Structure formats: C-alpha cells, structure tokens
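Reviewing the structure listed below.
The values are calculated or read from the model by the stated rules, or taken from the named source; none is laboratory data. Just so it is clear, the model here is predicted, and its values are computed rather than measured. Positions of Cβ are backbone-derived with ideal geometry, glycine not excepted, and every protein chain shown enters the neighbour counts.
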C-alpha cells in the first residue's frame, strides 16, 4: 500500500523539528517509530537536503558516524549575530590600540567572515561612521608585526633580546628577557618579562621583586628570538591571569594591599576597575574597600577620584 503524501509530509516535519532542536536521529529508530523502512528514512533525508539546496538555505543534514545518526548543520550558527559583531567592532574601535591600516582590515574581515550575508550591509553601515573618524594612537607604530612571534616565544619559553625605547636616559637600551605574557590595557599592548643578566640591586627599587617587568610593545624598536630556552618550574610559574587582576595601571612595583573609603556614586565602577577589590564594610556614607595591586599607578588613580576617596584607612 502506497504511503500518502500527507503522511510523508507530516513525517518530514517531525524529523526536521527534531533536527532543529539539536537531536541526533538514528535511521533505525526513526524507521521503527514511523513504521517505514530504513530506505524510506534515507529518502526523507535526501528530500530535506534537496529542499535546503533549492531554497538556498544554509543548512544541511549529515550522517555523523561517531554518533551513529543524522544531525543538522547550520553554518549561520557559527556566525556572529548582529549584536555580537557590533559589540566586538565597538570594543576594537574604542580601544584605539592600532594604526588605521591595521585596525580597519580587521573590522572588515570580522564583518566579511563572521556575519551572515543578509546582515552584512546593516552591520557595515552601523560602524562606517566610527571607522571614518577613527583616531590612531599617537605613537604611530605598527603593532601586529611581530606580535605572533613574541607570542610564540612566550609559548616556547624562548629568550628574547629587545631594543627598548625608554622615557628617560638612556633612551634606547638592549635587554635579554624571559617573556611570560602579552596584555592589553587602555590603548596599549604590553609584554611582561623577567630580566636576565641585570644588576637588580643597582637598577631596581625593589631588588627582591619576584614579578615581571612591563614593557610597552610599541616602544620595542626591534627584537630577536634567541635559540635559548628558559625553564619555568610548575610550582612557581607566572600566572598571567592572576597578575592581570592586580596590575591595572601597568606600572611596576611591589605587590601591596590597600584600603580606602569610597563615597562616590558608583561602587561598581571601582570594583570593575580593581578586580581584586572587596567591600569590607558598608556604612551610611560609603564603603570601605580593600584590594591587592602592583605598582604606583594606583596612587594616581586614587588621587583622580578627588573627594570620592574621602579617607585612606
């Protein structure tokens, strides 16, 4: 007895609905459920594939041999949504971290490869004005060139020899360093690295400081990756994430625990600015806050808050 058209259509809709919901469907189980042959189920899958192709839909049904069943793949699911791509573009533009000839191609590629075709025009128009008025960092130096090589030196624990431009004399210095991390903060990329072959007693305010030195990458005039590796003991390895929580202002110095009384309008802004900050007491006129930070940059930030930092505890 021939199967009715309505019965087949109903089966296809049920199969498609389950595929859309992420299920992996076994041919045998489907055949048993709908009381048809496995060949009928196979023809159903082919019918869905033909429908997707005819309608130019970015979907397909594939057989997953590992899972032993059919599943739906949707290339658009791996694309960024309008909101996601807009957020990423805004963050990049507001960072002002690269020259225009480095920044704008990145934005174009994000939109080209990360946004579904039907949304590209709308997203492009949303960021067009900010791209046009984009202000480059004043140093005017390329950042992307060499960034990957530095990252690989970090990954492979290879020593770097850098020529670095300082703000004070001598302006240009050569250092051999053990690189341990790349960070970004407020317009600039930074390399964190441990100095080698340097008289720490003579050159450092804190000779026994066990934390890395911070270098602005745009001030690295040149570098060489040496064929020399350094050892990182697991027990004392540099934890970039933990260091990043405490070095919000990219100034070197010792690790300090600070306490202050905050009376400003936004406690959230303080807690976001200082990831290690904790409220240790809340009063009618404000909050007592404690945080761990590296360096002297915190002093400038505290002063910038004016009367909101009413009292240092």
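Of (1) under 30 Å from residue 107 (Cα atoms); (2) at pLDDT below 85; (3) surrounded by 11 or more Cβ atoms within 10 Å (Cβ to Cβ), residue 89 satisfies all except one. Which?
(2)
Taking the options 150, 111, name whichever one is out of contact with any strand residue (DSSP E or B) (no Cβ under 6 Å at 6 or more places or on another chain), modelled with pLDDT under 90 and surrounded by 14 or more Cβ atoms within 10 Å (Cβ to Cβ).
Details: 150 fails: modelled with pLDDT under 90.
After ruling out the rest, the residue left standing is 111.
Give the range 27-37 a look and list any residue that's surrounded by 13 or more Cβ atoms within 10 Å (Cβ to Cβ) and either part of a helix (DSSP H, G or I) or under 46 Å from the mean Cα position of the chain (by Cα) (or both), or say none.
Step one: list which residues in the range 27-37 are surrounded by 13 or more Cβ atoms within 10 Å (Cβ to Cβ), which gives 27, 30-31, 33-34, 36.
The answer is 27, 30, 31, 33, 34.
Take the range 274-308 and flag every residue that is closer than 20 Å to residue 254 by Cβ, in contact (Cβ under 8 Å) with a residue 24 or more places away in the chain and not in a strand (DSSP E or B).
Answer for the range 274-308, where residues must be closer than 20 Å to residue 254 by Cβ, in contact (Cβ under 8 Å) with a residue 24 or more places away in the chain and not in a strand (DSSP E or B): 274, 275, 276, 295, 296, 297, 298, 300, 301, 302.
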